[in-house]
Amino acid sequence: MDPVVLTVAFALGYLMYRLGLPPLVGFLVAGLCLSGVGYTSTPMLEAASDVGVTLLLFTIGLKLRIRNLVKPEVWAGASLHMALTVAIMGGALFGLGYSGLRFFLAMDMRTALLLAFALSFSSTVFAVKILDEQGRMDSLNGRTAIGVLVIQDILAVIYLTAATGKVPSVMAIGVIALLPVVRKAFLLTMDRIGHGELMVLFGLFAALIAGAHIFDLVRLKPDLGALILGMLMAPHPRAKEMANALMSIKDVLLVGFFLDIGLRGVPGAAGFAAVGILVALLPLKMALYFLVFTRFRLKARTSFMTMANLSNYSEFGLIVCSLAASVGRLDPRWLVVMAIALSVSFILASPLNTYSDRLFDRLAYMLKRCETCERHPEEAPYERKSADIVVIGMGRTGVGAYDWFRAKYGEVVLGIDYDKETVAGHEMQGRSIVQADVTDLDFWRRLPTPDGRVKLVVLALNNFESTLSAIQRFKQFGYKGTLAAVARYDDEVERLKEAGADVALNVFAEAGAGLAAHAVGHLGLPEQGPA
């Protein structure tokens, strides 16, 4: 790869990170800047982009529960939103054919609907990156956003197959029929591959060979194969470990994806005017998401956060337009316009997602008027329970803290987690736990009891930004007890203390200290101070 490309990508990615924006915005800007001075995409960059997207879909599958796709807000919400977007945006684009703008002259309804269909997709790559960074993949809004994206991907595959006339091979029936056998074999293999490089290599084999390559051989979409293989392996207890093992490889390769988008070229003045119109249509698409989600009984806040995750155009839109251009249904100049509009939508969506909590707080009064009277089953107000100690985030760290408190002080501790299945699992094991989302304002209005009984709150969240935000919320709502939090790095520990945490610990350092204490206790050695 060209050292200039890598240098510019790193420099602008780092700049955006320091400005509080996701680095992917910097990678997009880097591609646009390099395109402006004559750089173009390379085969290596395109290959990295393709593999990165394939690994992304595989890791989505590893975290995806099929039953989430059959929920009404997912399959019906995605379908209804797409139908509304195509109808409304298609009509608007067709009307622009009479505006005199060069790119829209003599646009017929068929072309307008095709473009609207391409614009109706949201980016899987962007949404997953944002949800990963915010630690909200397993929240209701995260599961809804990912489910909608998967439904959109399936619809895209159906369209691409129909438009190309590329009929799957007869062997595709055999591949589909063998999936249950492959699933059983892969689950057994995951029990026996350890935790090192074999885990990573097996993940790459499953995604790129057993999934993408085999599907491609029988004329099925490769990315769909990776997604399906991931979904088949998702029930395994180590599926999340595999997804984490592939994370660094996936993230590095996805840099190529964002650079590749930016390097697609810069249009002329008429093209930029068309880009401006497509970007101006984006709020309409967002409003339709919010409207649809609230109709399916999601709270205004959940609908807003999910809308923010999906507030962009998609790489699938480019694929749809590329296919249409190749068969003469669309002017090839639209490819560059779509690429720039996609890049701009990412750039605008990044700060929207970063500051979505604050923005919702300012608009809450107006947005809550769109809520339905009946509430989604997962968003019913939780019943506050009395407790002296509250542990927020019931992952491994949170469960360890909860069990220690209960063994030491009895039934005075309450666990809180936003994942319904996590809560159900802990209830079966006899733990006192409630389902609630710490990013929801209703949670903060209910948690600090009027008698001030809660003396200690332990924040064991798996995302630093969520932990920081929770500490700020506690201070905002006047909590007077002790706040304890965990982090992964020493600089994060300092930031948590500056935000108001009374106790902040590096979870890895404390794990080592705990191990040493247990080992010394087992030996029965007497304690002694420094010489």
Taking mean projected area of the Cα convex hull in nm² straight from the coordinates, which label in [x] 26.5; [y] 29.2; [z] 24.9 is the correct one? [y]
For the pair Ile158 and Phe272, what calculated FRET efficiency results from E = 1/(1 + (r/R0)^6), where r is the Cβ-Cβ distance and R0 = 35 Å, to the nearest 0.05? 0.60
In this model, which of Lys184/Lys250; Lys129/Lys184; Lys221/Lys285; Lys368/Lys497; Lys250/Lys420 are farther than 32 Å apart at the alpha-carbon? Lys368/Lys497
Sorted from largest down, what three extents in whole angstroms do the Cα atoms of segment 65-122 have along their principal axes? 48, 14, 14
Pairing the Cα long axis of helix 396-409 with the longest principal axis of the chain, what angle in degrees results, from 0 to 90 and rounded to the nearest 10? 20
Kindly provide the helix-only [θ] at 222 nm of the chain, computed as the sum of -39,500 (n - 2.57) over DSSP H runs of four or more divided by all residues, to the nearest 500 deg cm²/dmol? -21000 deg cm²/dmol
With a 1.4 Å probe and all protein chains left in place, how much of the accessible area of segment 203-320 comes from carbon and sulfur atoms, in whole percent? 71
Within segment 329-361, whose backbone N sits under 11 Å from a point 7 Å along Cα→Cβ of Gln472? 355-359
Any idea what Rg and Dmax come out to for segment 271-324 if you just take the C-alpha atoms, in Å? 13.6, 40
Want the number for Asp388 to Ala509: 0.36 nm per residue separation, take away the alpha-carbon distance, what's left? 40.9 nm
Using the Cα centre of the chain as the reference point, and only Cβ charges (+1 on K/R, -1 on D/E), how large is the resulting charge dipole? Debye, rounded to the nearest 20. 1160
Calculate how steeply helix 109-119 sits against the longest principal axis of the alpha-carbon atoms of the chain, using the helix alpha-carbon long axis, and give the answer as 0 to 90 degrees to the nearest 10. 20
Quick one: helix 239-262 against the long Cα principal axis of the chain, what's the angle to the nearest 10°, folded into 0 to 90? 40
Could you give me the percent of Cα pairs per 10 Å distance bin for segment 256-383, shortest bin first, beginning at zero and ending with the bin that holds the maximum distance? 12, 34, 27, 18, 8, 1
Taking +1 at the Cβ of each Lys and Arg and -1 at the Cβ of each Asp and Glu, which of Leu253, Ile146, Leu483 sits farthest along the dipole of the chain towards its positive end, judged by Cα position relative to the Cα centre? Ile146
Gain in length, Ala280 to Tyr365, computed as 0.36 nm per residue apart minus the alpha-carbon separation, to one decimal in nm? 28.1 nm
Counting only protein heavy atoms and using a 1.4 Å probe, what share of the accessible area of segment 25-115 belongs to carbon plus sulfur, as a whole percent? 69
In the full protein assembly as shown, how much of Trp404 is accessible to a 1.4 Å probe, in Å² to the nearest 10? 130
How much length is gained on full extension from Asp502 to Ala172, taking 0.36 nm per residue of separation minus their Cα-Cα distance? 112.9 nm
Cα-based Rg (one decimal) and Dmax (whole number) for segment 1-139, in Å? 19.3, 49
So the FRET efficiency between Leu15 and Ala185, C-beta based with R0 = 60 Å and rounded to 0.05, is 0.80
If I model segment 175-244 as equal point scatterers sitting on the Cα atoms and use the Debye formula, what is log10 I(q)/I(0) at q = 0.28 Å⁻¹? -1.35
How many Å² of accessible area per residue for the chain, probe 1.4 Å? 47
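The values are calculated or read from the model by the stated rules, or taken from the named source; none is laboratory data. Since the structure is predicted, the reported quantities are computational estimates derived from the model, not experimental observations. As a convention, Cβ positions derive from the backbone with ideal geometry for all residues, glycine included, and neighbour counts pool all protein chains shown. Each accessible area value is taken on the protein alone, full model and side chains, heavy atoms only, with ligands, DNA and RNA left out. Shrake-Rupley method; radii C 1.70, N 1.55, O 1.52, S 1.80 Å.
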